[in-house]
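Working notes, beginning with the structure itself.
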Amino acid sequence: MSFHLSSSNIRVESHDGRTYLCAHMNGGGDDRMCLDDHIGNNDGHFAWNGNNFTRSARNVRFNLEGGANVPVLRAELRDSHDNWHDRDLNLAERITNHNGKLTYQ
């Protein structure tokens with residue numbers, strides 16, 4: 001199930017140079033997932049199955065957007081020429097709520 005439809009208080013937090021997705025899971029407690037374990041930066045673009053995007057990102061933010069409340073991660077990502085690009089990623093493409101836990105698929 002899409003995590004954003006079965007949770008509340010969804011947000012991103014930064015700790016120790018890493019970015020975490022945090023939420024209160026309906027039917028469970030609070031959970032968090034380190035997005036840097038699953039998302040990388042491929043020459044200025046978000047990349048699933050990567051890691052450590054935060055190392056080459058700035059202005060990282062999260063919002064539920066549009067009428068469907070799509071969970072969108074946004075950031076400026078640096079490319080190999082040290083240029084910065086505004087990018088976004090729909091977290092519902094790969095993150096679900098599995099038995100009250102944020103799960104990467």
When residues of the range 1-24 are limited to those that are in contact with a helix residue (DSSP H, G or I) (Cβ under 8 Å, 6 or more places away or on another chain) and in contact (Cβ under 8 Å) with a residue 60 or more places away in the chain, the one farthest from T96 (Cα to Cα): V12
How about the range 52-61: which of its residues are within 13 Å of the chain's Cα centre (by Cα) and crowded, with 16+ Cβ neighbours inside 10 Å? N52, F53, T54, A57, V60
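This table checks each residue for (1) in contact with a Phe, Trp or Tyr (Cβ under 9 Å, 6 or more places away or on another chain); (2) at pLDDT below 95.
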position: L5; (1), (2): no, yes
position: C22; (1), (2): no, no
position: M33; (1), (2): yes, no
position: V60; (1), (2): yes, no
position: A68; (1), (2): no, yes
Members of the range 13-43 found to be part of a loop (DSSP other than H, G, I, E, B), out of contact with any Ser or Thr (no Cβ under 8 Å at 6 or more places or on another chain) and surrounded by fewer than 19 Cβ atoms within 10 Å (Cβ to Cβ), listed by number: D16, G28, G29, N42
Among the residues of the range 53-81, count how many are in a loop (DSSP other than H, G, I, E, B), within 26 Å of N9 (Cα to Cα) and free of Cβ contacts under 8 Å to residues at least 24 places away in the same chain. 3
With respect to L64, is the statement that it is within 13 Å of the chain's Cα centre (by Cα), loosely packed, with under 15 Cβ neighbours inside 10 Å and under 16 Å from H4 (Cβ atoms) true? yes
If I filter the range 82-94 for residues that are touching a Lys or Arg at 6+ places or on another chain (Cβ under 6 Å), on the phi < 0 side of the Ramachandran plot and assigned to a strand (DSSP E or B), do I get at least one hit? yes
From the list H81, H85, H38, which one is farther than 15 Å from L5 by Cβ, touching a Gly at 6+ places or on another chain (Cβ under 7 Å) and not acidic (D, E)? H85
Residues being within 24 Å of M25 (Cα to Cα) and not β-branched (V, I, T): count how many of those fall in the range 68-96. 12
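The values are calculated or read from the model by the stated rules, or taken from the named source; none is laboratory data. Computed from a predicted model, the values in this text were never measured in an experiment. Neighbour counts are summed over all protein chains in view; Cβ atoms, including those assigned to glycine, are modelled from backbone coordinates with ideal geometry.
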